[in-house]
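Reading through the structure tokens given below for one structure.
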Amino acid sequence: RTALGEEREVLLSVVIPERPGSFLKLHDVIFPRAVTEFAYRYGDAEQARIFVSFDVKDRARETAEVIDRLRALDMIATDLTSNELAKSHARHIVGGRSSVPNEYLIRFEFPERHGALKKFLSGLRFDWNISLFQYRNIGHDVARVLVGVQVPPEGDEHTTLAQGEFPKCLRRFLTDLDYRYVNETCNPVYQQFMRH
């Protein structure tokens, strides 16, 4: 909130196509600015609605530049930096329950360094879909990030996996990524409040 008040941070609502790779395109428009918040939950097969905030040096110029670049990619951005409802409440309750298939919930500790989010997004396979993403920079050495990712089963693997067990390709991605994580797929909070 302090950074928003001092005009060093911008808060946008962005509507992007609901398809794999869209998050990375959104991030690439914002980059190299530091993303300070990313909040999203799957809710529609065509469009994803995202809260994103990022650091700026020249708020008016950079906000207009980012919004124009997003528009060129058919992404609709609204500047919510001065919207009190968005700042105080809506950004914390994005999403709700969803029934997307093949979803795995993972709680991460991302290193709080430039490029950590890009490394994560760039490593995702083209056929995976991010169905939930919650991140807020709070100024620590690590960022706590909650991610839902849809990973389609390969071959007959889905018949041999225990409930909540990660498919082999997801385990390989997590090993290569080398960020600390916890599988929260069977967590009762996830099952009761984030799943249908």
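Structure notes:
- Close pairs (7 angstrom Cβ cut-off, 6 or more residues apart or separate chains): over 14 Å from residue 131 (Cα atoms) in segment 24-50, modelled with pLDDT under 90 and assigned to a loop (DSSP other than H, G, I, E, B) anywhere: 34/114; 36/137; 37/137
Let's see how each residue does on (1) closer than 29 Å to residue 98 by Cβ; (2) at pLDDT 95 or above; (3) loosely packed, with under 14 Cβ neighbours inside 10 Å; (4) charged (D, E, K, R):
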position: 29; (1), (2), (3), (4): yes, yes, no, no
position: 35; (1), (2), (3), (4): yes, no, no, no
position: 46; (1), (2), (3), (4): yes, no, yes, yes
position: 51; (1), (2), (3), (4): yes, no, no, no
position: 56; (1), (2), (3), (4): no, yes, no, no
position: 62; (1), (2), (3), (4): no, yes, no, yes
position: 67; (1), (2), (3), (4): yes, yes, no, no
position: 70; (1), (2), (3), (4): yes, yes, no, no
position: 75; (1), (2), (3), (4): yes, yes, no, no
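- Among the strands (runs of 3 or more DSSP E) confined to segment 1-60, there are none with at least 3 residues that are in contact with an Asp or Glu (Cβ under 8 Å, 6 or more places away or on another chain) and not assigned by TED's automatic domain parsing to the domain that holds residue 88.
- Only one entry in 176, 156 is surrounded by fewer than 12 Cβ atoms within 10 Å (Cβ to Cβ) and touching a helix residue (DSSP H, G or I) at 6+ places or on another chain (Cβ under 9 Å), namely 176.
- Residue that is farthest from residue 99 (Cα to Cα) [pool: residues in segment 132-152 that are assigned to a loop (DSSP other than H, G, I, E, B) and at pLDDT 80 or above]: 141
- Test for residue 85: is it outside the structural domain of residue 134 (by TED's automatic domain parsing), in contact with a Lys or Arg (Cβ under 7 Å, 6 or more places away or on another chain) and farther than 30 Å from residue 162 by Cβ: no
- Evaluation of residue 104 against (1) part of a loop (DSSP other than H, G, I, E, B); (2) buried (at least 17 other Cβ atoms within 10 Å of the Cβ) (one fails), failing number: (1)
The values are calculated or read from the model by the stated rules, or taken from the named source; none is laboratory data. None of these values were measured; they are calculated from a predicted model. Glycine also receives a Cβ, built like all others from the backbone with ideal geometry; neighbour counts cover every protein chain displayed.
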